[in-house]
Amino acid sequence: MLPAYLEREGSSLIYMTEKLIALTGKPESGFYLNNTDELVANLLNLEAQNRKVLLLGVSFALLELAEKYQLQLKNTIVMETGGMKGRRKELTREELHNKIKTGLGVKTVHSEYGMTEMLSQAYSQGNGIYYPSKTMKVLLRDAYDPLSVNSLPGSGAINIIDLSNQSSCAFIATQDLGKLYSNGSFEVLGRFDSAQIRGCNLLIN
């Protein structure tokens, strides 16, 4: 469920998902834009067959699905990719996941952390803790001193080194607030109050 991304060209998320769909080789795999009734029918049919399903979607689309239908998806992994920006009232990730879990009947919501400026991603398996890929490193900076950056565990504003960005900037200062752990994993606590609403799902002509 990737509305906005499907309505523009050049989305890396669409490219990644197309590759994943092709690898499954399953006729039920595909993109769902406005045909949510068809999606729900497929999900219920696959549930009845005890088939494992990955439902990948942007935050606002999954939230709308959870609010419209009351489902009990026992064999489905739900993964949100972010993307609430400008479409719905901003929620904390915990609030968002709780609403999705209630509406779709799942115990956990997996999550991807990425952005337009990055080629690497980090993933959470439902506990809110993100594990970055080998090409990505998270650092923290003091929220009041942008030049005070360290790799020690603690809380602060998130900086990212993305070695996959070979032909662009590999050093990114985000407007996300987070907590860094000693094993390199991290948690996203929120955004700066004055953070500009941005994202590739807003780049529709």
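Quick notes
- Taken together, Leu104, Leu91 contain a single residue that is of a type in the set (A, V, I, L, M, F, W, C), assigned by TED's automatic domain parsing to the domain that holds Glu9 and touching a Lys or Arg at 6+ places or on another chain (Cβ under 8 Å), which is Leu91.
- Filtered by the rule that a residue be loosely packed, with under 15 Cβ neighbours inside 10 Å and among the aliphatic types (A, V, I, L, M), segment 2-15 gives no residues.
- Hits in segment 121-149 - residues which are part of a loop (DSSP other than H, G, I, E, B) and surrounded by 20 or more Cβ atoms within 10 Å (Cβ to Cβ): Gln121
- Close contacts from segment 104-129, counting a first residue that is more than 20 Å from Gln166 (Cβ to Cβ) and a second that is in a loop (DSSP other than H, G, I, E, B) and β-branched (Val, Ile, Thr), with Cβ to Cβ under 7 Å and a gap of 6+ residues or different chains, come to Glu112/Thr81; Gly126/Thr108; Gly126/Val109.
- Single unsatisfied condition, Asp176 versus (1) out of contact with any Gly (no Cβ under 9 Å at 6 or more places or on another chain); (2) modelled with pLDDT under 95: (1)
- Those helices (runs of 4 or more DSSP H) lying entirely in segment 1-104 with at least 1 residues touching a Cys at 6+ places or on another chain (Cβ under 9 Å): 12-24
The values are calculated or read from the model by the stated rules, or taken from the named source; none is laboratory data. No experiment lies behind these values; they were computed from the predicted model shown. Note that each Cβ is placed from the backbone with ideal geometry, even for glycine, and that neighbours are counted across all protein chains shown.
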